[in-house]
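Here's the structure, in structure tokens; my notes come after.
No lab work stands behind these numbers, since they all come straight from the coordinates. Since we're looking at a predicted model, the values are computed, not measured. Glycine gets a Cβ as well: all are built from the backbone with ideal geometry, and neighbour counts include every protein chain shown.
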Amino acid sequence: MSKNRIRTVLEMIKFEHSVFALPFALTGALLAARATRHGWPTLRQILWIVVAMVAARSAAMTMNRIADLRYDRENPRTQQRALVTGALSLQFAWFFTVLAVAAFFVAAWQLNPPALKLAPLAIAILFFYSFTKRFTTWSHLFLGFALGVSPAAAWIAITGGLDWHMLILCGAVTLWVGGFDVLYACQDLDFDRAHGLRSIPVRFGVPGSLAISRLMHVVAVACLLALAVVAPLGRVYIAGVAAVAAMLVYEQSLVRADDLSQVKRAFDINGYVGILYLLALVASLYGPWQR
């Protein structure tokens, strides 16, 4: 495969956006290792969790492009995507999806039997999102949930079971992702309305959608703080959550009902949110103040 083709594939799956969910998967792994072994996950576990996350997200993004191909052809914002222009064929997209799913199953197999047993359910959740905007206003929460299960999946990958504390973190990720997806969807309000697609902007308009997005982010931060109480985690973690909250406030400030020109800039900030949260958790769990 040529460099240009690889670059096109990476652009199709928005590979750089893997930083959205991956840090939260790693936080689930770190919390699981602390709870069960009072230490770090093994390098082997981290490797296969990363492979599983990247493979699952790659499969989900490609399926989303396949499912939305008809709409991508008609939407001026998406007419330069690879499947629309023919830079990548539909046949290749299906092949790549199967390959990514296979890599995900191999990673789950390498982690533990419960992870492998739950792998089909994980793929079903990821693929289901691609069709939700045909029938529900709340497709953004389905996307959030598809990424939000990552901390619980990582906990299962480390321990073979699930702890209810992870549900709080799953809720935080679901609302965080759902909140910024609402902002992103505001760009397509007119197109979605004209083509019978459903979304929060279609139902509530841009001003109402911004209010809903902000509420989602407020509750997401509240969930992150609640985790500090039940986990428990210390002051360094709380300071990190405060920094995350500040970044989300800045993200929200970039988007106004009468000016959507900064939506992409606001969207890109989320990559730093996940990384910042992971660093705060690592410092809280393994910093010198813990010794």
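Shown for R73, R198: other C-beta atoms within 10 Å of each C-beta, ranked fewest to most, produce the order R73, R198. The stretch 212-259 and the stretch 139-211 have Cα centres spaced 15 Å apart.
Given Cα positions, please report Rg to Rh for the chain, the hydrodynamic radius being the Kirkwood one. Mind dumping the intermediate values first?
Details: Rg = 19.0 Å, Rh = 19.6 Å.
Rg/Rh for the chain comes to 0.97.
Distant-in-sequence amide contacts of V255, defined by a placed amide H-H separation under 5 Å and a gap of 5 or more residues or a different chain, comprise nothing. For H217, H140, H165, H195, the sequence from fewest to most other C-beta atoms within 10 Å is H195, H165, H217, H140.
Provide the packing ranking of 128-135, 144-151, 237-244, i.e. peptides ordered by the mean count of other C-beta atoms within 10 Å per residue, highest first. Write down the numbers at each step before the final one.
Numbers: 128-135: 16.8, 144-151: 26.4, 237-244: 18.6.
My ranking of the peptides, most packed first, is 144-151, 237-244, 128-135.
With one equal scatterer per alpha carbon and no solvent term, the Debye-computed log10 I(q)/I(0) for the stretch 126-225 at 0.16, 0.21 1/Å reads -0.68, -0.99. Helical runs (DSSP H, four residues minimum) scored at -39500 (n - 2.57) apiece and divided by the length of the chain put the mean residue ellipticity at 222 nm at -25000 deg cm²/dmol.
Which of the helices in the chain, when you take each full DSSP H run, stretch at least 15 Å along the axis at their Cα atoms and have an average Kyte-Doolittle score of 0.0 or higher?
Qualifying helices: 22-37, 43-67, 90-111, 113-128, 165-185, 200-230, 235-253, 263-286.
What's the magnitude of the charge dipole for the chain around its Cα centre, counting Lys and Arg as +1 and Asp and Glu as -1 at the beta-carbon? Answer in Debye, nearest 20. Intermediate values should be presented prior to the final figure.
Numbers: 25 positive and 14 negative charges, 91 e Å.
Once rounded to the nearest 20, the dipole reads 440 debye.
If you sort the three axes of the alpha carbon gyration tensor as a ≥ b ≥ c, you get a/c of 1.5 or more for the stretch 57-112 and a/b above b/c, which makes it prolate.
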